[in-house]
1. List pairs: first in the range B:21-41 and in contact (Cβ under 8 Å) with a residue 12 or more places away in the chain and at the interface with another protein chain (Cβ under 7 Å from one of its Cβ atoms), second assigned to a loop (DSSP other than H, G, I, E, B) and surrounded by fewer than 17 Cβ atoms within 10 Å (Cβ to Cβ), Cβ under 9 Å, 6+ apart or cross-chain?
2. In the range B:136-175, which residues are among the polar types (S, T, N, Q) and assigned to a strand (DSSP E or B)?
3. Among the residues of the range B:102-111, which ones are more than 14 Å from the chain's Cα centre (by Cα) and either among the aromatic types (F, W, Y) or away from chain A (no Cβ under 13 Å) (or both)?
4. So which residues in the range A:52-67 are more than 15 Å from A:H133 (Cα to Cα) and modelled with pLDDT under 90?
5. Go through the range B:266-300 and count every residue that is of a type in the set (S, T, N, Q) and in contact (Cβ under 8 Å) with a residue 60 or more places away in the chain.
6. All but one of (1) modelled with pLDDT of 90 or more; (2) out of contact with any strand residue (DSSP E or B) (no Cβ under 9 Å at 6 or more places or on another chain) hold for B:I152, so report the exception by its number.
7. Within the range A:109-121, does at least one residue satisfy the condition of being closer than 21 Å to B:P306 by Cβ, within 12 Å of chain B (Cβ to nearest Cβ) and not β-branched (V, I, T)?
8. Just for the range B:266-307: of the residues that are of a type in the set (D, E, K, R) and within 19 Å of B:G229 (Cα to Cα), which one is farthest from the other protein chains (Cβ to nearest Cβ)?
Amino acid sequence: MLSRVSSVRPFLFPPPLHRVPLRVGNVLELVGPSPSAKTHILIHAAITALLPKHYGGLDHFVLFLDLDCRFDIARFSQLLLHRITEDGTRHCDQTLYDLCMARFLYARCYDTFQFLHTLRTLHCRLEKEKQVHGVGVHLLLIDSIGAFHWMDRASMFLSQRENNKKKLFLQTVSEAVVQNIRKLLQVHPMLVIATKSVIFGNKYSTSSNELKGNMEERCSRNVTRNHQTFQYREYMPSVWQSFVTHRILVRSSDDHPVATNYQNSSFYLLEWLLPRLNFADKIVVKDVRT
Amino acid sequence: MAPLKSLEKEYPLIDSNFQSFCSSHGIFSVEDFLLHDLDALIAFADNHPTSQTLKQGIDQLLSTIDALQPPLLNGLQLLEDAQRNKHVLLTGCERIDALLGGGLREGQLTELVGPSSSGKTQACLLSASTVAKHNSSVIYLDTGNSFSPQRIASFVGQSSGHVFDNQVDHILKKVLDRIICYSVFDVYQMFDVLHQLKSNLRSEIVKSNQHVRLLIVDSISSLITPILGGSGPQGHALMISAGFLLKKLAHENNIAVLVTNHVVGGEDGISKPALGESWKSVPHVRLLFSRDFGSNVCHISVLKHPSMASARAASSTLYL
């Protein structure tokens, strides 16, 4: 009984994911235009999960499915070292670093079929890792779930179903993906965090329509931008949308604090859409000084 | 899209009985098999009289697909691969190298964005000549007849200042031999060249001084912009699959890919890179070029970089 209770313990992530408690079986979607700090948030969540408990971590394996094929391991290593040494205040423990790097599992897929097959074979591979290391995978990161969207939409692949119901390939693929992830979650309960980029461009809706007016109004757009709400078009099929249990919107912010020590930093706004919280967190991403 | 029939010769377990069982469930090809619910299929196979052979056939099919599967690596293996294989290529311009954090990284796709005559092609030619000088091959896909051997010659001449003339000629000949230039005028030609390159790299045993280390597409936007219009998703699909093909070539063969893109007008009159939102998630690194009117000075800033937080500016003088 006690072991069952401890396995349903919520994930305690540091900011920016701290507002809502997350448990295994939850599917969190990070939406945002490019560039926003989505992959950065994923990496930080991964590092929190990899670190052992006495370092403030969650002490288990992490699986990263790279569908964008843009993951930079050097950046990951840099951020991990930064976290371990807490910005130079602690001595860097090589065995700890090696342990954490070895707990980070990575696979890269170049098209939907590879993705589907990877999901399918993950069960055996994760079982093997669990037996060898005794620690399971409790975090699945997908970057980004909409990577193959255009290719799937345009696919001329026609599957001849027996009851003549010609489903769109996109629909079929999404169903297969969701089904495979569900099956995987049944055997290896995990928290799933997926990033999704906005692909239809953004439409800023403003409280006043004066932006379309004369030039002077355009110059003062910094004032009105604080009141804008970001709208994006949802393009993933409904089967994925209903699979998602939590959603966060991240976007870059134009507000720059006046202090001059914020050079070489980027600013982002993070907003919880599901469950809806009515305030936005600010994220600052600074260069790590090596 | 391999139909199951074609696998029959090599794998006798996938016989006509197996194929008819699969077609009764709407599975005619390997892809259909991947999309289908495997557990349900195995359950049906259990109820079939020839369940043993059917299940063996399913296992056989799964193991053949497994062979094409990308491996599951851990962080240490990834880091080792990056440090051992993915070197940094100097572009020949110190300012650009500093902006890029050392230079063009193999395995990554770098994009140069800017209006016309802002120095993008010059940067491409300079990178090509520098990489070729260091004993590596360069593949240059030229879409607008902008490749200039004379310019390569002047770059080589500039950088080997203290060498005698006849030696410079010799160096120049070697450099030009290593730059392989293709003229491509539409996106399908580009796909042809890239697929050919992929199969050449897979099969050839190449000598160390002929390794392709840099692939330049100047400019990829002129190939893709004509197909992006229209009501269907085919244009975008081609663009994204070109991106994946380039990234796959880059990662598996340790090549740095350099592409150029132009700008279009955006909202509020600010120019933005062409090719739209979906393209933004393709390159690893994006540099923005601009040139003041009537001057030789190029301003370059970083739009995106995996290890850098934000836009850093540098101005560099490239003589155009």
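1. B:F28/A:S159; B:F28/A:Q160; B:E31/A:F157; B:E31/A:S159; B:E31/B:M1; B:E31/B:A2
2. Just the residues of the range B:136-175 that are among the polar types (S, T, N, Q), to begin with: B:136-137, B:143, B:145-146, B:148, B:150, B:154, B:158-160, B:166-167.
Of everything in the range B:136-175, just one residue is among the polar types (S, T, N, Q) and assigned to a strand (DSSP E or B), namely B:S137.
3. Of all residues in the range B:102-111, those more than 14 Å from the chain's Cα centre (by Cα) come to B:102-103.
Once the filter is applied, which keeps residues that are more than 14 Å from the chain's Cα centre (by Cα) and either among the aromatic types (F, W, Y) or away from chain A (no Cβ under 13 Å) (or both), the range B:102-111 yields only B:G103.
4. Keep residues of the range A:52-67 that are more than 15 Å from A:H133 (Cα to Cα), which gives A:53-58, A:64-67.
A:K53, A:H54, A:Y55, A:G56, A:G57, A:L58 - these are the residues of the range A:52-67 that are more than 15 Å from A:H133 (Cα to Cα) and modelled with pLDDT under 90.
5. Within the range B:266-300, the subset of a type in the set (S, T, N, Q) is B:271, B:278, B:281, B:290, B:295-296.
Within this subset, residues satisfying the condition of being in contact (Cβ under 8 Å) with a residue 60 or more places away in the chain are B:271, B:290.
Total satisfying the criteria: 2.
6. Failed condition: (2).
7. Here is the first cut: in the range A:109-121, the ones closer than 21 Å to B:P306 by Cβ are A:109-110.
Next, from what is left, pick out any that are within 12 Å of chain B (Cβ to nearest Cβ): A:109-110.
In the following step, the residues that additionally are not β-branched (V, I, T) were identified as A:109-110.
So far as the range A:109-121 goes, yes, one or more of its residues are closer than 21 Å to B:P306 by Cβ, within 12 Å of chain B (Cβ to nearest Cβ) and not β-branched (V, I, T).
8. Step one: of the range B:266-307, the residues of a type in the set (D, E, K, R) are B:267-268, B:272, B:277, B:280, B:286, B:291-292, B:304.
Pick out the ones that are also within 19 Å of B:G229 (Cα to Cα) and you get B:267, B:272, B:277, B:280.
Working: B:E267: 8, B:K272: 10, B:E277: 5, B:K280: 4 Å.
Per the criteria, the residue is B:K272.
The values are calculated or read from the model by the stated rules, or taken from the named source; none is laboratory data. Model, not experiment: these values are computed from the prediction. No Cβ is skipped: glycine too gets one built from the backbone with ideal geometry, and neighbour counts run over all protein chains shown.
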